[in-house]
Structures are given as C-alpha cells and as structure tokens.
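Working notes for the structure below.
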Ligand code: KIV
C-alpha cells in the first residue's frame, strides 16, 4: 500500500486528518502544506459550473481539473471523485478509475454509496486502486439534503454500510451530514478514519469545500464555517484597478515597455 495512504490510516486515534477540496493548481498549492488530503470533489459542478446537482459532472471535467490540481499538490494525498454514472458496475468503474489515475496521477479515488458499491470497491482495490468511501448524504443520488441518522432504520443501514466499506478495503470514509451520535458510533466501530462534513467533531478528520471556507461560494449551510472573505478582497482589488485605469494611474512607466 502507498506510503501516503498508510500515513492517513495511521492517524486514526492519534491526530486529526485535514482535508480540503481544490479544483485548480493555484488553490491546491496554497492549501497543500496545511492538508493531509486534497480532494478534487465533484462539488465543482455546483461551485464552479452552477449545476443544480453533481449529476451533470463528467469524467472529462474531473480529469481536466485534476490535472491542474496535480501541479499544485506536492505533499498531500490527492483524491479524485468518480462522477455520477461512471461506476455503475465493476467493469465500468475499473476502466474509468484507471483512466482517472493514468491521466491525473492522483493517489486515490472516492465514490459514493454503501452496500450497492461494495463489489465495485473490491474490484478497484484488487486492482491496486486505493478507494475512499462516502456515506450519509450522497449528492450524486440524493433527492434532498437533510442530514442522515435520525431514524433507527436509517442509522442501522449507515452503520452496516460503514462496516461493509471497511471490509471491502477502503482507506477512509467521508461521512456527509450524519447525525453526531451516529458519526461517533461509526468512528468508534470502524478501524479506518472517518472524515466528516457536517458530521460532528467525533470524526477522525474534517473536510470542507475550500470555496465555502474562503467566502467565494455563497452557500448557506449549517456545516460551513467561513474563515475569510475572498469575495471582498477580489471586489476591492477590481475596484482599485478600475479607479486606477479611469484616472490613468495604471499603467505607469514601471508597467510599460
Ligand atoms: O464533492 C465534494 O467536494 C465532496 C466533499 C464535500 C466531501 O464530496
């Protein structure tokens, strides 16, 4: 198993795992030193392309963005989301995962689901492709984005799925919008790290969409904490540029040939 994957697994019960998304080189190179994992998430569909869901994200979109991200990631483990309808059966999943890895040189892939994707995960792992699981709210198939784990039956299914994913060989599991005590139970039960987004501090690590964290994407979700306001900084810079051009303060001789 890759050294970086072993490092992520060894963090369980020792230190928190830091994961952020990136869709391009510049962002990736800034966050790389602070992250353990950089995820090229299919959230890029809604964040960058204004899609109403991640269902419209294509394999080519994921590959092109990942190629850019790869140039910025030096230290972190780079994980790429397999988009909707690219892993409907083991054969399709293997061919597309191989394509993602060979074209982007990423370290691992992530896919959504529980029992339904166990055979697919086993096939990928048998072919030496490291897999990150994803349970709870599954944006590629969700009909609503309500948190999971309120009802007993639903809790049982998610807990069972976490064990199935662990047995299938995933190296970690993203828990998206999972009720706190269920996230705690899963984290205690499985030996691989859980990475939460809206799934409480009980998880072994946390992931956020970087554009949400920096205030570039105007999402209003309970699980997002905004750590800076890049929108304001871009706005201020554009306004200053406009004023300088209008008043002929830019370009000066210094900026001319
Ligand atoms: O697509 C994505 O960015 C994700 C994270 C929110 C976990 O799957």
Checked pairs for the stretch 204-216, first under 15 Å from residue 232 (Cβ atoms) and free of Cβ contacts under 8 Å to residues at least 40 places away in the same chain, second near the ligand (Cβ under 10 Å from one of its atoms) and part of a loop (DSSP other than H, G, I, E, B), C-beta under 8 Å and 6 or more apart or across chains, list as none
Kindly establish whether residue 128 is surrounded by 14 or more Cβ atoms within 10 Å (Cβ to Cβ), at pLDDT 95 or above and closer than 25 Å to residue 65 by Cβ. no
Which of the residues spanning the stretch 1-43 are over 24 Å from residue 203 (Cα atoms) and within 12 Å of the chain's Cα centre (by Cα)? 23
Considering every residue within the stretch 161-173, establish whether at least one is within 18 Å of the chain's Cα centre (by Cα), closer than 24 Å to residue 38 by Cβ, within 14 Å of the ligand (Cβ to nearest atom) and assigned to a strand (DSSP E or B). yes
What is the residue count in the stretch 177-197 for residues that are touching a residue at least 60 places away in the same chain (Cβ under 8 Å) and either within 14 Å of the ligand (Cβ to nearest atom) or within 16 Å of residue 18 (Cα to Cα) (or both)? 3
Would you tally the residues in the stretch 1-29 being assigned to a helix (DSSP H, G or I), out of contact with any helix residue (DSSP H, G or I) (no Cβ under 8 Å at 6 or more places or on another chain) and away from the ligand (no atom under 16 Å from the Cβ)? 7
Kindly indicate whether any position in the stretch 53-69 is in a loop (DSSP other than H, G, I, E, B) and buried (at least 21 other Cβ atoms within 10 Å of the Cβ). yes
Scan the stretch 22-42 and report the pairs whose first residue is touching a residue at least 12 places away in the same chain (Cβ under 8 Å) and assigned by TED's automatic domain parsing to the domain that holds residue 77 and whose second residue is assigned to a loop (DSSP other than H, G, I, E, B) and within 14 Å of the ligand (Cβ to nearest atom), with Cβ atoms within less than 6 Å and a gap of 6+ or a chain change. 28/22; 38/22; 42/57; 42/83
Quick one: count up the residues across the stretch 81-120 that are more than 28 Å from residue 25 (Cβ to Cβ), within 16 Å of the ligand (Cβ to nearest atom) and touching a helix residue (DSSP H, G or I) at 6+ places or on another chain (Cβ under 6 Å). 1
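The values are calculated or read from the model by the stated rules, or taken from the named source; none is laboratory data. This one's a predicted model, so the numbers in the text were calculated from it and none came from an experiment. With ideal geometry, Cβ positions are generated from the backbone for all residues, glycine too; neighbour counts draw on all protein chains shown.
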